[in-house]
Amino acid sequence: MTLETPTANSFSLPFGEQRNGPLYGKDILSVHQFSREDLTHIYTVAHEMRGMVARIGTFDLLKGKILANLFYEPSTRTSASFTAAMERLGGSVIPINNVQYSSVSKGESLPDTVRTLECYADVIVLRHPEVGSCALAAQYASKPVINAGDGIGEHPTQALLDLFTIFEELGTSDGLSVTMLGDLWNGRTVHSLARLLALFNVKLNYVSPDVLKMPDEIVAELNGKGISQQAFTELDPILPETDVLYVTRIQKERFESQEAYDAVKDLYVITPDTMKQAKEKMIVMHPLPRVGEISMEVDADPRAAYFRQMEYGLYTRMALLAMVLGKA
Ligand code: ASP
């Protein structure tokens with residue numbers, strides 16, 4: 001008996017040339033660019049990617065395509081998952097994680113660096129400390145630029161994977177009470193996720209010290225969309241009704257002084273005791289890395305979804321790359 005090796009084409013999947021797909025050739029800069037319809041499309045593909053990885057691991061959908069991974073700020077998950085996504089799809093990666101060893105250290109501008117990389121690659125994933133840097137890069141690049149975090153601005157692919165996690169774990173996002181906790185001022189993941197959730201019927205709760213509250217501009221934007229939002233300084237009052245507890249790290253690197261960081265760094269810690277007050281059917285998420293805000297004893301709780309969340313990130317990024325490159 002001959003065993004046929006499955007390929008992308010042997011499944012009836014949404015794969016193949018898709019030059020009229022919603023993301024084909026597009027930059028991914030902000031969650032503002034997505035409609036509910038786009039999300040359905042992305043998650044259908046991400047869900048299929050999950051199945052494909054489970055069944056065959058790696059396949060040749062993006063064979064011959066090259067991704068440039070350009071990171072001006074530290075990263076473990078985003079950079080590794082884009083690399084893994086590209087490699088699982090049969091493509092390859094130019095990794096530039098240590099910009100100090102690239103021509104950036106000689107004073108090369110971002111526009112010149114991206115115009116260089118696009119000579120070699122089909123798509124550029126960029127993380128940079130300045131808000132708006134990815135939009136600037138996209139103005140100069142003719143190949144698609146994917147924002148992997150621009151300072152305290154946005155992190156759209158993280159928000160896409162966060163929402164995919166909510167769908168896969170809870171089946172829906174409509175009607176949910178989502179509580180975001182920690183550094184809501186500097187946390188680009190919560191900025192993007194709050195905006196993305198505004199496409200659905202959700203209730204958003206913000207728990208933070210006043211100095212780290214959700215920026216007024218985002219609260220006003222979501223008010224304008226009719227989203228119910230409440231701010232708290234403690235978790236206790238809102239925890240019992242929470243369906244998704246989204247914990248974030250206090251972003252030390254964004255603080256002006258050690259004293260300012262020390263004043264807020266240990267305000268919230270999720271422990272097994274906290275989990276006793278939470279619903280039985282709820283999930284705890286975190287974009288990671290964590291630096292003490294969720295105790296390791298919580299990891300064994302089935303509601304702790306933060307490790308599964310990373311895996312959903314792989315499938316979401318596979319879907320995005322395949323769609324941007326016109327193959328899904
Ligand atoms: N990894 C996420 C980010 O790059 C969250 C964090 O760093 O706290 O924004």
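The values are calculated or read from the model by the stated rules, or taken from the named source; none is laboratory data. Since the structure is predicted, the reported quantities are computational estimates derived from the model, not experimental observations. Cβ coordinates were reconstructed from backbone atoms using ideal geometry, including for glycine residues, and neighbour counts include every protein chain displayed. Surface accessibility is based on the protein's heavy atoms, side chains included, excluding ligands, DNA and RNA. Shrake-Rupley method; radii C 1.70, N 1.55, O 1.52, S 1.80 Å.
Remarks
- Count of the stretch 158-174 residues which are within 17 Å of Phe307 (Cβ to Cβ) and within 15 Å of the ligand (Cβ to nearest atom): 4
- Scope the stretch 109-130; condition within 16 Å of the ligand (Cβ to nearest atom) and part of a strand (DSSP E or B); matching residues: Val125, Leu126, Arg127, His128
- Candidates are the residues of the stretch 281-326 that are within 14 Å of the ligand (Cβ to nearest atom) and of a type in the set (D, E, K, R); the one that is nearest to Tyr268 (Cα to Cα) is Glu293.
- Odd one out for Leu199, checked against (1) among the aliphatic types (A, V, I, L, M); (2) within 16 Å of the ligand (Cβ to nearest atom); (3) more than 21 Å from Met310 (Cβ to Cβ): (2)
- On the stretch given as the stretch 127-176, residues that are in contact with a Pro (Cβ under 8 Å, 6 or more places away or on another chain), within 30 Å of Asn201 (Cα to Cα) and surrounded by fewer than 24 Cβ atoms within 10 Å (Cβ to Cβ) total 1.
- Pick from the stretch 77-92, criterion open to solvent by 20 Å² or more (accessible area, probe 1.4 Å) and either of a type in the set (D, E, K, R) or part of a loop (DSSP other than H, G, I, E, B) (or both), ranking: farthest from the ligand (Cβ to nearest atom): Gly90
- For beta carbons closer than 7 Å, sequence separation of 6+ or different chains, a first residue in the stretch 117-134 that is closer than 21 Å to Lys327 by Cβ and small (Gly, Ala, Ser) and a second that is modelled with pLDDT of 95 or more and not in a helix (DSSP H, G or I), the qualifying pairs are Ala121/Ile66; Ala121/Leu67; Ala121/Ala68; Ala121/Ile94; Ala121/Lys143.
- The set of residues from the stretch 131-147 being farther than 18 Å from Thr83 by Cβ, outside any helix (DSSP H, G or I) and within 14 Å of the ligand (Cβ to nearest atom) comprises just one member, Val131.
- Residue check for Ser142: hydroxyl-bearing (Ser, Thr, Tyr), out of contact with any strand residue (DSSP E or B) (no Cβ under 6 Å at 6 or more places or on another chain) and within 30 Å of Asp266 (Cβ to Cβ): no
- A count restricted to the stretch 9-57 and to residues that are at pLDDT below 95 and in a helix (DSSP H, G or I) stands at 2.
- In the stretch 230-255, the residue that is least open to solvent (accessible area, probe 1.4 Å) out of those that are within 16 Å of the ligand (Cβ to nearest atom) and of a type in the set (D, E, K, R) is Arg249.
- Residue match in the stretch 68-76 (condition: open to solvent by 50 Å² or more (accessible area, probe 1.4 Å), out of contact with any Cys (no Cβ under 8 Å at 6 or more places or on another chain) and of a type in the set (Asp, Glu)): no
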